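Structure first, commentary second.
The values are calculated or read from the model by the stated rules, or taken from the named source; none is laboratory data. All values derive from a computational prediction rather than experimental measurement. Don't worry about glycine lacking a Cβ; one is built from the backbone with ideal geometry, like all the others, and counts go over all protein chains shown. Side chains included, ligands, DNA and RNA excluded: accessible areas come from the protein's heavy atoms. Shrake-Rupley method; radii C 1.70, N 1.55, O 1.52, S 1.80 Å.
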Amino acid sequence: MRRSLPVALVAAVLLALLSRPSGDRFGAASAQEPATPALAASPAAADCPTTSEAENEAVARRWFEDILNGPNLGALDDLLAPDVAYAGVTFPDTAADHAAARRILDALLTGFPDIRYTVDAAVAEGNLVALRWTATGTHGGEFLGYAPTNRRATWSGINIFQLACGRIAAVWPQADGVGRFEQLGLQPIGGGISAVTVGAEIGLDATPDAEGTPAGATPLAEECAETGPVENEILARRWWGEAWNRGNVAVFDEILAEDHLHHWAVGPDTTGTDAIADRILGWRQTFPDLRIRVEEVVAADVLVAARWTATGTLQAPFMGVAPDGQRVEWTGINIFRVECGRIADVWSQRDTLGLYAQRGAAAAPAATPAAE
């Protein structure tokens, strides 16, 4: 039998969110999570076509299926808004027109001529679409200044697209740049940090739990709380607001499934609430003033995607570097899967190379940005 979450609980959380100063769609802009403007989409013209969420998702999928898998850069003219904005991550760049977008994607196709993308999950809400993907390709051409290694690599990522008038107006990407370079035998990171042992960056053991990663999802309980997009978004926001920003990992007893599975941006997956709590407390020890600000949120029936920005001051050894009080900032995207009123899975991507570069641990990349 399925049951809904208590109405009083949902109402109380919503009231708390709505009582905050306006900033995001819930008015959730507090001292810990100040609001920042998102990339502006192209304004809708009087004759702007009205599109459904399904149609917006189809357009976003074309970014991978038509443009990159084709490959067919000529389709950009029909796919992108005139003033499209591409918010690069590891190798920042803003594509303000089709020519700039073409240069970014051409750099990727030159480096990996046989690249193929698979869309693993999609979340669509309003004019926003989030796609989680996996890419595979052979490094057969120059890529970010590196000569071809002819090695094959597989890496994952998440993109959030903003649609306007049936076209892509903005793209926010995140990808596993560290894993990609490691598979190519390249070392963009001066210290030779491994994606497998990256847990040591905050003094933690990155070894997976003894039981390993479960193959299946959290089983449905006999009584399963039924949640919708609003309730699911509340769960995601509590993940950052209470656990990451305040260090209240006890909240996981309320919002996470017992066999919660976290697919980390770097390093092995972890299982269970204790493992994720240890990781978060480690990060907060390294960055005691850590604050994560939630940007765009895309919520659906069982999936929630959100882009975020993190800031913190280094107060403990990090990547072999002594603490020096330096303040750093990095970005990321998470996708949450909610089941029975709790978060069962999280897939995260963060700008790891950008974070390392701020710590002086990464070699300077070539000028041409990578498309993620």
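With a 1.4 Å probe rolled over the protein heavy atoms of all chains, the accessible area of 347, 63 falls in the order 347, 63, largest first.
Accessible surface comparison of 348, 156, probe 1.4 Å, protein chains only, largest first: the order is 156, 348. Using a probe of 1.4 Å, the accessible surface attributed to residue 339 totals some 40 Å² when neighbouring protein chains are kept in position. Phi angles of region 143-154 translate, via the Karplus equation with coefficients 6.51, -1.76, 1.60 and θ = phi - 60°, into HN-Hα couplings of 9, 6, x, 9, 5, x, 9, 6, 9, 9, 9, 10 Hz per residue; Gly and Pro are given as x. Distance from the C-alpha centroid of region 80-159 to that of region 238-283: 29 Å, rounded to the whole angstrom.
Going by accessible surface with a 1.4 Å probe and the largest first, 149, 118, 270 read 118, 149, 270. What the Cβ-Cβ distance of residue 281 and residue 72 gives, at R0 = 41 Å and to the nearest 0.05, is a FRET efficiency of 0.30. The spread of Cα positions in region 222-333, taken along each principal axis and listed from longest to shortest, comes to 50, 28, 23 Å. Amide hydrogen proximity for residue 326: with H placed 1.01 Å from N in the peptide plane, the residues at 5 or more positions away or on another chain lying under 5 Å are 314. As a calculated quantity, the FRET efficiency between residue 315 and residue 259 at R0 = 35 Å, using C-beta atoms, amounts to about 0.60.
Filter the trypsin sites (Lys or Arg not before Pro) in region 77-163 to those in DSSP coil with at most 16 other Cβ atoms within 10 Å of their Cβ, and list the result.
Sparse-neighbourhood loop trypsin sites (Lys or Arg not before Pro): 151.
Across region 297-314, rounded Karplus estimates of 3J(HN,Hα) from the backbone phi angles (6.51 cos²θ - 1.76 cosθ + 1.60, θ = phi - 60°) give 10, 10, 10, 9, 4, 10, 10, 9, 10, 8, 9, 9, 10, 10, 9, x, 10, 5 Hz, Gly and Pro being marked x.
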